[in-house]
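S.K.: What follows is a structure written as structure tokens; I'll ask about it next.
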Amino acid sequence: MPFQIVRNDITKMHVDAIVNTANPMPGYGAGIDTAVYEAAGIEELLAKRHEIGVIDRGCSVITDGYKLPAKYIIHTVGTTWRGGNHGEEEIVRSCYRSAFQLALDSDIKSLAIPLLASGCYGFPKGIALRIALSEIEAFLSGHDIELYLVVFDEKSFALSTELYGDIDAYINDNYVDEKFMHEYPGYDSLGDGVGLYASTAAPGRTDRVADTPDVLVAAKSLDDVVNDLDKTFMELVFSFADKRGMTDVEVQKKANLDRKAFSKLKCGTTKNPSKSTALALAVALELDLDDTKDLLSRAGFALSPCSKQDVIVQYFIERKAYDVYEINVALFEHGEPLLGTQTA
């Protein structure tokens, strides 16, 4: 499980190390910093902090975890948001990079990190999140480590509307409760023409078939269709990867899949993936909607208007936004399973 978003108190995470948002001078301040000192043991940790002395902004140091479940604490020092024209973003990026480098140097296999600079430092959460996702993705593209982005409560992570203003409206328009589908079984809420539902609109709803967004690519050639007919799920995955010039490692990383889980799929030890894994691979391969449906069908799945996870993923596919980390932010906020983080 390379990257997960979890809602938890970071001081309770059972990982090799946690990251603390520290003060540059010895001592501790409000927020996560105070919580870490209290959970680890103020006297011991503060004594060590005085021994270390001043920490420059953008830099990190490592200490024991003391009474924490985590073995280590990586202390990193950010900066206050001053409008974005004073090098603030680069300092926070340096916080992530220096913390990750310390994790590598200390042979840390699992790391929990908060959304840096989004609390007392006052960074706009949308900017803080984009920094976090880009630095996490860059780091994990070259390293295998369990990495958790830890948020404490719902209010601290209500971000999908800030990043994608119309996502909630899209979900409202396209998500159909199972009870509704039971009462109106002929309604095709997504208008995707998959043949599962007729195009007749239910009372009070409009037929969406005619105004479905223009997201489908040109039809495949007959040869392509015939050649793909007998392919298994993973054979089709590798066929798409070959066409896009992607290596196995690139597919695995872009899908946010554990290396061992991907290897089991590749070798046939795991015959079929979970739906979350199948969707993750479709995103990694940057498939359009038709090819996504085709790939899912090889594992016995279909996109369903009764699945909020499916609707959210379809939202991103329609917009050709294939960043699995950003998709997982939206899924996390809406309480849905994340892509690529479950066993195959």
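The values are calculated or read from the model by the stated rules, or taken from the named source; none is laboratory data. Since the structure is predicted, the reported quantities are computational estimates derived from the model, not experimental observations. Here the Cβ positions follow ideal geometry from the backbone for every residue, glycine too, while neighbour counts run over all protein chains shown. Accessible surface is based on the protein model in full, side chains and every heavy atom, while ligands, DNA and RNA are left aside. Shrake-Rupley method; radii C 1.70, N 1.55, O 1.52, S 1.80 Å.
S.K.: Residues in region 109-124 that are closer than 18 Å to Asn8 by Cβ and either out of contact with any Lys or Arg (no Cβ under 9 Å at 6 or more places or on another chain) or open to solvent by less than 10 Å² (accessible area, probe 1.4 Å) (or both): how many?
M.R.: Residues that pass the stated criteria total 7.
S.K.: Can I ask one more? Which residues, counting only those in region 26-37, are within 24 Å of Ile131 (Cβ to Cβ) and either in a loop (DSSP other than H, G, I, E, B) or open to solvent by less than 20 Å² (accessible area, probe 1.4 Å) (or both)?
M.R.: Tyr28, Gly29, Ala30, Gly31, Asp33, Val36
S.K.: Also, I was wondering about something else. So in region 259-269, with the set limited to residues that are touching a helix residue (DSSP H, G or I) at 6+ places or on another chain (Cβ under 8 Å) and open to solvent by less than 90 Å² (accessible area, probe 1.4 Å), which one is nearest to Leu296 (Cα to Cα)?
M.R.: Leu265
S.K.: What do you reckon, is Ile73 among the β-branched types (Val, Ile, Thr) and open to solvent by 10 Å² or more (accessible area, probe 1.4 Å)?
M.R.: no
S.K.: Among the candidates Lys293, Lys308, which residue alone is in contact (Cβ under 8 Å) with a residue 12 or more places away in the chain and touching a helix residue (DSSP H, G or I) at 6+ places or on another chain (Cβ under 7 Å)?
M.R.: One residue alone meets the criteria, Lys308.
S.K.: Check region 57-65 and report whether any residue there is crowded, with 21+ Cβ neighbours inside 10 Å and more than 26 Å from the chain's Cα centre (by Cα).
M.R.: Within region 57-65, one or more residues are crowded, with 21+ Cβ neighbours inside 10 Å and more than 26 Å from the chain's Cα centre (by Cα).
S.K.: A further question follows. Looking at Glu44, Glu90 in this structure, which one is over 25 Å from the mean Cα position of the chain (by Cα) and not polar (S, T, N, Q)?
M.R.: Every option except Glu44 fails the conditions.
S.K.: What pairs come out if I take residues in region 135-149 that are more than 17 Å from Pro114 (Cα to Cα) and assigned to a loop (DSSP other than H, G, I, E, B) and pair them with residues that are open to solvent by 10 Å² or more (accessible area, probe 1.4 Å) and modelled with pLDDT under 95 whose C-beta lies under 8 Å away, six or more apart or interchain?
M.R.: Close Cβ pairs (under 8 Å, with a partner that is open to solvent by 10 Å² or more (accessible area, probe 1.4 Å) and modelled with pLDDT under 95) amount to Ser141/Lys253; Asp144/Pro2; Asp144/Arg259.
S.K.: Looking at region 288-299, which of the residues that are open to solvent by less than 40 Å² (accessible area, probe 1.4 Å) and outside any loop (DSSP other than H, G, I, E, B) is farthest from Phe238 (Cα to Cα)?
M.R.: Leu289
S.K.: Which of the residues belonging to region 55-108 are among the small types (Gly, Ala, Ser), in contact (Cβ under 8 Å) with a residue 24 or more places away in the chain and in a loop (DSSP other than H, G, I, E, B)?
M.R.: Selection gives Gly58, Gly65, Ala70, Gly78, Gly84, Ser106.
S.K.: Moving on. Quick check on region 238-258: of everything there that is of a type in the set (Asp, Glu) and surrounded by fewer than 16 Cβ atoms within 10 Å (Cβ to Cβ), which residue is farthest from Val324 (Cα to Cα)?
M.R.: Asp242
S.K.: Go through (1) open to solvent by 50 Å² or more (accessible area, probe 1.4 Å); (2) closer than 25 Å to Leu147 by Cβ; (3) touching a residue at least 40 places away in the same chain (Cβ under 8 Å); (4) not β-branched (Val, Ile, Thr) for Leu285 and report which single condition fails.
M.R.: Single failed check for Leu285: (1).
S.K.: Here's another thing I want to ask about it. Examine region 327-344 for a residue that is surrounded by fewer than 19 Cβ atoms within 10 Å (Cβ to Cβ), of a type in the set (Val, Ile, Thr) and assigned to a loop (DSSP other than H, G, I, E, B), and state whether such a residue exists.
M.R.: Yes, there is a match, as at least one residue in region 327-344 is surrounded by fewer than 19 Cβ atoms within 10 Å (Cβ to Cβ), of a type in the set (Val, Ile, Thr) and assigned to a loop (DSSP other than H, G, I, E, B).
S.K.: Looking at region 235-271 only, could you name the residues that are closer than 22 Å to Ile317 by Cα and not in a helix (DSSP H, G or I)?
M.R.: Residues satisfying the conditions are Gly245, Met246, Thr247, Ala255, Asn256, Leu257.
S.K.: Checking the conditions here, which among Ala40, Ala99 is open to solvent by less than 40 Å² (accessible area, probe 1.4 Å), within 21 Å of Tyr325 (Cβ to Cβ) and of a type outside the set (S, T, N, Q)?
M.R.: Of Ala40, Ala99, the one residue that is open to solvent by less than 40 Å² (accessible area, probe 1.4 Å), within 21 Å of Tyr325 (Cβ to Cβ) and of a type outside the set (S, T, N, Q) is Ala99.
S.K.: Which residue, of Phe316, Phe301, Phe332, is aromatic (Phe, Trp, Tyr) and either touching an Asp or Glu at 6+ places or on another chain (Cβ under 8 Å) or closer than 16 Å to Leu285 by Cα (or both)?
M.R.: Answer to the selection: Phe316.
S.K.: Among the numbered conditions (1) aliphatic (A, V, I, L, M); (2) under 18 Å from the mean Cα position of the chain (by Cα); (3) open to solvent by 30 Å² or more (accessible area, probe 1.4 Å), tell me where Ala302 comes up short.
M.R.: Result: Ala302 passes all but (2).
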